[in-house]
1. Sorted by packing (mean other beta-carbon atoms within 10 Å per residue), highest first, where do 271-278, 123-130 land?
2. Hey, can you find the accessible area per residue of the chain for me, probe 1.4 Å, expressed in square angstrom?
3. Okay, helix-only estimate at 222 nm for the chain: each DSSP H run of n ≥ 4 adds -39500 (n - 2.57), divide by all residues, round to 500 deg cm²/dmol; what do you get?
4. Using +1 at the C-beta of Lys and Arg and -1 at the C-beta of Asp and Glu, which of SER39, THR176, GLY51 has the Cα lying farthest in the positive direction of the dipole of the chain?
5. How big is the stretch 193-341 along each principal axis, measuring the range of its Cα positions in Å and listing the largest first?
6. Relative to the first principal axis of the alpha-carbon coordinates of the chain, what is the inclination of helix 8-20, with its axis defined by its Cα atoms, in degrees from 0 to 90 and to the nearest 10?
7. Out of these labelled values of Rg/Rh (Cα atoms, Kirkwood Rh), [x] 0.96; [y] 1.05; [z] 1.31, which was calculated from the coordinates shown here?
8. Using a 1.4 Å probe on the protein chains only, how many percent of the accessible area of the stretch 128-226 belongs to carbon and sulfur?
Amino acid sequence: MQLDLLNNDELTLLRQLISSSQKVVVVGHKAPDGDAIGSCLAWAEYLRTQGKNPFIVVPDAYPDFLGWLPGNEKIVRYDKHPEKVEKAFNEADTIFCLDFCETSRIEEVEPLLVNSKAKVVLIDHHIDPNVPAVLTVSHTWASSTAELVFRLICQLGGFEAMDKKIAAPIYCGMMTDTGGFTYNSTRPEIYQIIGMLLTKKIDKDKIYRLVFNNYSHWAIRLRGYIMNQKLNYIDDLHCTYYAVSRQDMLDYHFIKGDMEGLVNEPLRIKGVKLSISLREDDRRDNTILVSLRSVDDFPCNKIAADFFNGGGHLNASGGKLHCSLAEAEEITRNAIKAYADMLR
């Protein structure tokens, strides 16, 4: 299996950057998911094997069900420790940006990255990367950024020394960014990589349970409430959407991650091609977080770009609206109407 991502010049550059770096920052995107956290932790741990002491940054909270990942206690949240993060960016000579293609995806941290004098390396799998970098490793065919991190480590000669502290976060990132390998995961190499990771003694079944079967009873009640009371099913257009208010979340003691993956659930309905989730931001007024999932060749990344200020992958995308929840529902209905021919 061919794992290499870089040509000889790019590989030499990456080796030089790693070896010469004294102050390294590894940064993931706002509202980090399993791929962002997993790839950041795995890459940071690899850098530690090379004698570096990377500073890992995310803008805000990540889901509670990722708290078991090895090394997660080393992650520094900007919203909790802005001074520490600012100091790290100011002193950095190398910054690794993982799992985002635009500087705007790190929101409050963006000025620190844009104004930094450090050399930047981008490792990502989203379309149209525009992060200014001396080295860009961007492949939209990849299942996840975690997969790219695995390939880079292998090309750098790090597979033999890899242990569970690297392998488990990589597997978690790949698993979560493919919905448990149910989308964006048809390439045979993905399963060859999984086989290689299993030689590092990771327990993939336990990882699945820790991520997907690790909710509070309030989270299960919230998910049931949304599916029972909030789901709008448009039979003739083979799609669904639901809208969750801040009050709904308060009523069910919502914490970060409680609705993770719920947008996939309506795709279990026979014939449904598109599922859209709308959720009021629990920290900002008039901000609606949008998630979209689809099956087959329906381009939810296109509908995300056209109507929800977003984008992403063919079958898994996201966006954001700055309006009321009622207005967001109206936008969603208009989006569905605009794509009616494809949905039928």
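1. Details: 271-278: 22.0, 123-130: 18.9.
Those peptides, ordered most packed to least, come out 271-278, 123-130.
2. Ligands and nucleic acids excluded, the figure is 45 Å² per residue.
3. Mean residue ellipticity, 222 nm, calculated: -11000 deg cm²/dmol.
4. Result: GLY51, furthest along the dipole toward the positive end.
5. Principal-axis extents of the Cα atoms in the stretch 193-341, largest first: 49, 37, 28 Å.
6. Here the helix axis deviates by roughly 80 degrees.
7. Correct label is [x].
8. Numbers: 2340 of 4400 Å².
Its accessible area is 53 percent carbon and sulfur atoms.
The values are calculated or read from the model by the stated rules, or taken from the named source; none is laboratory data. This one's a predicted model, so the numbers in the text were calculated from it and none came from an experiment. When we count neighbours, we look across all protein chains shown, and the Cβ atoms used for this are built from the backbone with ideal geometry, even at glycine. Ligands, DNA and RNA are stripped out before the accessible areas are found, and what is left, the full protein with its side chains, is counted by its heavy atoms. Shrake-Rupley method; radii C 1.70, N 1.55, O 1.52, S 1.80 Å.
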